[in-house]
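J.: This structure is in structure tokens; I'll ask about it shortly.
None of the figures in this text is laboratory data; all of them are computed from the coordinates on show. Everything numeric in this text was worked out from a predicted model, so none of it was measured. As a convention, Cβ positions derive from the backbone with ideal geometry for all residues, glycine included, and neighbour counts pool all protein chains shown.
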Amino acid sequence: MHPATAKWYDRRDSVYIEFCVADSKDVKINFEKAKFVFSCLGGIDQVKHENEVDLFEAIDQNESMHKRTDRSVLCCLRKAEPGKAWPRLTKEKAKLTWLSVDFNNWKDWRTIRMRS
């Protein structure tokens, strides 16, 4: 079992995580209040992937959702406290080798809001 490579970014009401797994099958996602578990089979060899994350803050598990495409699985984690920025995805400050920041989608929404 291998963790799937993922990218994440923060928005005002939600945090997004994109798991970069092509041709994913048997996608299972468990949204908990302060934890998130992702698993699937993916790639040419249908390798088993599993990622477990203790989240920086609580989420609304009932409002969180995911969308599967041929190239990835995008998860939208609805924040329990909208408007509160997350400086990182994880509770601990540990660097996870499989996780990176998605700078193409990252926006400093706090600065944008202050300018308007």
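J.: Are any of the residues in the stretch 42-59 basic (K, R) and over 21 Å from T97 (Cβ atoms)?
T.: No, because not a single residue in the stretch 42-59 is basic (K, R) and over 21 Å from T97 (Cβ atoms).
J.: When you go through C40, C20 one by one, which is the residue that is surrounded by 18 or more Cβ atoms within 10 Å (Cβ to Cβ) and either without any contact (Cβ under 8 Å) to a residue 40 or more places away in the chain or out of contact with any Phe, Trp or Tyr (no Cβ under 9 Å at 6 or more places or on another chain) (or both)?
T.: Only one candidate qualifies: C40.
J.: Also, I was wondering about something else. Can you spot a residue in the stretch 81-101 that is among the acidic types (D, E), assigned to a loop (DSSP other than H, G, I, E, B) and either in contact (Cβ under 8 Å) with a residue 40 or more places away in the chain or within 20 Å of A22 (Cβ to Cβ) (or both)?
T.: No: the stretch 81-101 contains no residue that is among the acidic types (D, E), assigned to a loop (DSSP other than H, G, I, E, B) and either in contact (Cβ under 8 Å) with a residue 40 or more places away in the chain or within 20 Å of A22 (Cβ to Cβ) (or both).
J.: Sort out which residues of the stretch 43-77 are polar (S, T, N, Q) and surrounded by 14 or more Cβ atoms within 10 Å (Cβ to Cβ), and write them in order of number.
T.: Those that are polar (S, T, N, Q) and surrounded by 14 or more Cβ atoms within 10 Å (Cβ to Cβ): N51, Q61, S64, S72.
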